[in-house]
Structure formats: C-alpha cells, structure tokens
Amino acid sequence: MERPDFLNHSAEHLNGNLKGKDILSVWQFDAQTLDHIFSWSLETAEIAKKGYKADFLSQKILANLFYEPSTRTSSSFTAAMERLGGSVISINEVKYSSVTKGEDLEDTVRTLEQYADVIVLRHPEMGSAAIAAEAVSIPLINAGDGVGEHPTQALLDYVTIRKEQGMLDGLAVTMLGDMKHGRTVHSLARLLSLYQVRLNYVSPEILRMPSTIIQELEAKGVQQSEHESLSEVLSDTDVLYVTRVQKERFEDTAVYESVKGLYVVTPETLRAGKESLTIMHPLPRVGEISKSVDSYTKNAAYFRQMENGLYVRMTLLAGVLGKLPA
Ligand code: CP
C-alpha cells in the first residue's frame, strides 16, 4: 500500500512483526500480517473467553490517552491489557490532565512514556498519532485521529468479515453513511484494497468519500462506485457497513440536520438484500440501523464485531510488546 500524505516515517511496514512498532495506519499492513493477526486473535479470544487474566503482559503498563469520547475503543484496550495481566493508566477526555493547563500533545506523550510501556491515543486532529509517535520511543497505537484513520477498528472489521463470510476475495462491500468524516471507512477501504473486493460508497453528495482515497485505491485497481441510494447496490452486496453521520465534525448544525436521517436500515430494507448479507457498524449507532434489525437476522454482526475488538486489541498489545512469535 502507498503511504498516505499525512503519515510521517513513524509508520513502518510491519512485515509480520509487531514488536516495538507504532500502529498508526492500515498502510503498514500486508495480507500475510493480517493472516497472522486473524490467527492470533482466535487464540486471544480463547484467553478472554476463559474469563481469567493471563500473565503475558504482567509488569507492563498501558497509557490510554483519549482526547475524544470513546466507549468501545477505550474500554476494549483497557480490558485487553488487563486480560493479559497488565495494568492501565486511563486519561479519558483529558479533562483532569495537564492538557487543560495548556500542555501540548508531544509533552503529554513524553510524560506518559516515563510511566508506561505502550500508549494508545485518540485525538481530534488528522496526523496527530504520527506526530505523537515521533515524540516517544515506546510503541504508540492510533485509536482514531480526527477524520484520518482508525486502524485498529479496520483490523477488527477485517477479522469480523473473515469470520462472518469465510473469506474476503470476491466480496462486494457497501459502505453507507458519512464517507467524508468516517475514519473507520477510510481505514477499512484502504485495508480491503489488499483483497479482490468491490467497494460501493453510498452517501449524500456532501458526505462523499474523499477523492484522495478514491484515487489511491483506483491506482491499485480496486473497483469502486459511488451512489446516493442504497437500493442501487443492495441486492449485489455481501457486506453492508453502516456508519453514523458524525455530528461533531460539522461546523453548521443545520447542515448536519439536513443529512442525519437520510439512511435508516430496517428489516424492510434488508428484504431486498442477499440472505447471506452481513450487516456491520463500528458503533455507536444513532438511528441508522433500526433496533428491530438486531433480532431480525442472525447476520446482524455489529455486536460480534465489537467483541472481536477485544481479541484484536489483545493481539496488538501482545504484539507491540514483543509477546507474539515473529
Ligand atoms: N467504534 C468506535 O471507535 O467506538 P468508540 O468511539 O466507542 O470507541
């Protein structure tokens, strides 16, 4: 994969070995590394399901630094570290940290480097994870940098698609909702470009997938198409990846209000889809998938997707801290 412009040289190709590495972008992954992550995440799932703490990461400390709200990413990284025997320093929304006194990102992560072995960072600005990673010598994992990327989400999405559909090659994946601001779809589209997939982007005109990403994937020969109506592509879709319209990224609330309810997936919507259609969502949802879908089909995979996040994040923490085979 090509290195996106916003990344600096902290983002190295992993080539199957996560030890000591930063995880900043899906750009760092290849299909073989993803195979390893898939296999390892089946093993970490066994540890988590047994319900006890393993000791792989005893004596290790994670600093969980979140400048933006999170439920899943923050809690699953905490649970992942604790399931592997480590411990966690949690700084949520930085309200009670020295950031409110004006401390900048680099000094904040340099401080945490003195106390922790790995940092997980969520920050509102694109490229912030790469800047923070340059400032420290311990591994730093990007848990979402503004409208940039959310690589650990893309990895758990990849694991979920593989578990639900059995493979990736040959699939048609339709992404629905906010393509402009959705860092999960930016990362997932890039990651899926490693496979023979067809990508459909369904959004209103003002929330289209950034042209930089479309061009990046075009250059790799990925078949992509853009639509305003889900009905144009649903019947030929294998995975429907629904996203929330990201209210917090809009400067004008009236513009948000004009697009927020445009797509709502209901059991009726799904009647036009394949029986094997997998329905995913990075969550949180705010109305774009009706709750009646949850029990309508066993292929509503969004809660399993969230569960896979724990196993993938256990794998990543064990990997960057040198506890997985090379
Ligand atoms: N999917 C996701 O990133 O969820 P949170 O914002 O709750 O972490």
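The values are calculated or read from the model by the stated rules, or taken from the named source; none is laboratory data. The model shown is predicted, which means the values in this text are computed figures rather than measured ones. Here the Cβ positions follow ideal geometry from the backbone for every residue, glycine too, while neighbour counts run over all protein chains shown.
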Fill in the blank from the handout: Reported set for region 132-154 where residues are within 16 Å of the chain's Cα centre (by Cα), more than 12 Å from the ligand (Cβ to nearest atom) and closer than 24 Å to LEU42 by Cα is LEU140, ILE141
Exercise for the section: Filter region 86-108 down to residues that are small (Gly, Ala, Ser) and buried (at least 16 other Cβ atoms within 10 Å of the Cβ) and give me whichever is farthest from GLU68 (Cα to Cα). Expected result: GLY86
Exercise for the section: Would you point out which residue out of SER75, SER90 is within 16 Å of the ligand (Cβ to nearest atom), in a helix (DSSP H, G or I) and out of contact with any Asp or Glu (no Cβ under 9 Å at 6 or more places or on another chain)? Expected result: SER75
Practice task
With a cut-off of at least 1 residues that are loosely packed, with under 13 Cβ neighbours inside 10 Å and within 16 Å of the ligand (Cβ to nearest atom), name the helices (runs of 4 or more DSSP H) lying wholly within region 250-326.
Solution key: 302-320
Exercise for the section: Could you tell me whether region 99-114 includes any residue that is within 13 Å of the ligand (Cβ to nearest atom), touching a helix residue (DSSP H, G or I) at 6+ places or on another chain (Cβ under 6 Å) and touching a residue at least 40 places away in the same chain (Cβ under 8 Å)? Expected result: no
Problem - Selection from region 71-106 of residues that are modelled with pLDDT of 95 or more and within 19 Å of the chain's Cα centre (by Cα) - result: THR71, ARG72, THR73, SER74, SER75, SER76, PHE77, THR78, ALA79, ALA80, MET81
Exercise for the section: Could you tell me whether any residue of region 176-198 is within 14 Å of the ligand (Cβ to nearest atom), touching a residue at least 24 places away in the same chain (Cβ under 8 Å), on the phi > 0 side of the Ramachandran plot and not in a loop (DSSP other than H, G, I, E, B)? Expected result: no
Exercise for the section: Scan region 116-123 and give yes if some residue there is away from the ligand (no atom under 16 Å from the Cβ) and either outside any strand (DSSP E or B) or polar (S, T, N, Q) (or both), otherwise no. Expected result: yes
Practice task
Taking ALA129 as the residue in question, decide whether it is within 13 Å of the ligand (Cβ to nearest atom) and surrounded by 14 or more Cβ atoms within 10 Å (Cβ to Cβ).
Solution key: no
Handout entry: Verdict on SER70 being closer than 18 Å to VAL320 by Cβ and either assigned to a helix (DSSP H, G or I) or of a type in the set (Ser, Thr, Tyr) (or both)
Key = no
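Out of all the residues in region 225-240, which are farther than 11 Å from ALA172 by Cβ and touching a strand residue (DSSP E or B) at 6+ places or on another chain (Cβ under 9 Å)?
Passing the criteria: GLU226, HIS227, GLU228, SER229, LEU230, GLU232.
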Exercise for the section: With respect to GLU149, determine if the residue is in contact with a strand residue (DSSP E or B) (Cβ under 9 Å, 6 or more places away or on another chain), outside any helix (DSSP H, G or I) and of a type in the set (Asp, Glu). Expected result: yes
Handout entry: Filter result (under 20 Å from GLY322 (Cβ atoms) and of a type in the set (D, E, K, R)) within region 73-103
Key = GLU82, ARG83
